[in-house]
Amino acid sequence: MKIHPRRFVRFLTCCIALILAAYAVLHLPGDMGSDPPTYRANILSAEEEAGNIKVFAPGSVQYRVNIRLDDGPDAGKEVRLTHRTLNNPAFDIHPQEGERILVRAEGDTYAIVDYDRLPGLSWLLLGFAFVLLLFGGLTGLKALIALIFSVLFIAKGLIALILFAPSHILLWTFLIGSMITLTTQLIVSGANVKSAGAIIGTIGGIFIAGVLAIAAIHFTYLSGVAEEQAGMLKVLYLQDVDFRELLFSGIVLGALGAVMDVAVSIASAQYEMMQLAPETSFRTLVSSGLRVGRDVMGTMANTLVLAYIGGALPLMLLLFSQPNLSFVHVANLDMIATEIVRSLIGSIGLLFAIPITAYATAFLVTRPAPKERLHRRTPQEHPQE
């Protein structure tokens, strides 16, 4: 296989730039907390105490639990502890024999913190990777690597940048979103005009969605603290952060995957069409790309809306189960308006990505090759008579 020197240099430059960017992002300061460490443990036995219970919450239950620590300074040691519930389904743990839990040291004993969910999550992750590789092959492997990079960019990049400089959340969101787009396309599709068209379309759609998100958040008077977690974060840790900008970041990242999917579908169709019919004109390619975009935009818009509805389903059930609440009252609630804005802004960004990708990819694939452009610019020499 012949390797083109210029293309190899460009590809190598992109790889080095991505490695340097990943190194810079992953070495930013991250965790600023000082919570005491937790340790894994197995429940050997658990008995509910029926008498002489010191009730500190109505309906609470007290257990005597024997555990064996799996790690930490007392690994292998068996400990007997007392565990009480708070009659709160969101936080209560009712220990059963054989369950895996997390505990925290409290004086001479330990306290149950939560269930150890990592084993189940690990098996689920392995199943996902296996199915992705089974049906996707090499492309599935590339997609898995790109997904890992995306998660790392958000967990160790965006989060760390927000904690490091919370006054520039808009800038960090666009920066990390662009890096995720660039990395995903280069890993999955390689450095070619198809990837370039998809990158331009994705970044263009996300940029428009971001501008509209800023306007929508302002004109709909959203606070950014409609969710319980955001309210706790505002009160306890990030008092100086503008949570409307944090809401903006969530809207843009939530739409990024769907916008990228649409852009890749359009760019791939146009690229394949040009490979099969090299004489295809710019206008024909644009029309073909727009038709592909129209075919996928309905399902992708539904994907965004249904994803947000699924996440807010308990809230919707709570609100609509109240017979005395009017539609006007419900629609004007901060938490409901926030979900509506998320869905609509993401869908609008997706729609704008369609023409941007179609025109950008059509321009790139119909552009003459470098040698052909040089040949056109250089006047032909005619022999003098």
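The values are calculated or read from the model by the stated rules, or taken from the named source; none is laboratory data. Given the structure is predicted, the values throughout are model-derived calculations rather than measurements. Cβ placement follows ideal geometry from the backbone for every residue including glycine, while neighbour counts extend to all protein chains displayed.
Among the residues of the range 92-112, which ones are of a type in the set (Gly, Ala, Ser) and either over 10 Å from residue 67 (Cα atoms) or not assigned by TED's automatic domain parsing to the domain that holds residue 62 (or both)?
105, 107, 111
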Report task. Give the residue, chosen from 130, 153, 149, that is outside the structural domain of residue 260 (by TED's automatic domain parsing), part of a helix (DSSP H, G or I) and on the phi < 0 side of the Ramachandran plot. Result -> 130
Requested in this report: Would you please name the residue that is nearest to residue 140 (Cα to Cα), looking only at residues in the range 177-232 that are part of a loop (DSSP other than H, G, I, E, B) and of a type in the set (Val, Ile, Thr)?
Outcome: 225
Query - Some residue of the range 34-43 being at pLDDT below 70 and either touching a Pro at 6+ places or on another chain (Cβ under 9 Å) or surrounded by 11 or more Cβ atoms within 10 Å (Cβ to Cβ) (or both) - result: no
Query - helices (runs of 4 or more DSSP H) within the range 287-385 that include 2 or more residues at pLDDT below 80 - result: 313-320, 327-331, 370-377
Query raised in the report: Residue check: is residue 164 more than 16 Å from the chain's Cα centre (by Cα) and at pLDDT 85 or above?
Result: no
Report summary line: Counted residues in the range 345-368 being closer than 12 Å to residue 251 by Cα and surrounded by 19 or more Cβ atoms within 10 Å (Cβ to Cβ) come to 4
Query raised in the report: Are any residues in the range 148-179 of a type in the set (Gly, Ala, Ser), surrounded by 17 or more Cβ atoms within 10 Å (Cβ to Cβ) and within 20 Å of residue 258 (Cα to Cα), and if so, which ones?
Result: 150, 177
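Would you confirm, using the coordinates I've provided, whether residue 238 is over 18 Å from residue 197 (Cα atoms), in a helix (DSSP H, G or I) and modelled with pLDDT under 90? Explain how you work it out, then say what you get.
Details: over 18 Å from residue 197 (Cα atoms): yes; in a helix (DSSP H, G or I): no; modelled with pLDDT under 90: yes.
No: the conditions fail for residue 238.
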Query raised in the report: What are the residue pairs meeting all of these: first residue in the range 180-197, first residue within 14 Å of residue 261 (Cβ to Cβ) and in contact (Cβ under 8 Å) with a residue 40 or more places away in the chain, second residue in a helix (DSSP H, G or I) and among the charged types (D, E, K, R), Cβ atoms under 6 Å, and 6 or more apart or on different chains?
Result: 188/142
Query raised in the report: So which residues in the range 167-182 are modelled with pLDDT of 90 or more and either touching a Ser or Thr at 6+ places or on another chain (Cβ under 7 Å) or not assigned by TED's automatic domain parsing to the domain that holds residue 268 (or both), if there are any at all?
Result: 173, 180, 181
Query raised in the report: What tally of residues in the range 273-331 results from selecting those that are closer than 30 Å to residue 359 by Cβ, surrounded by 12 or more Cβ atoms within 10 Å (Cβ to Cβ) and hydrophobic (A, V, I, L, M, F, W, C)?
Result: 14
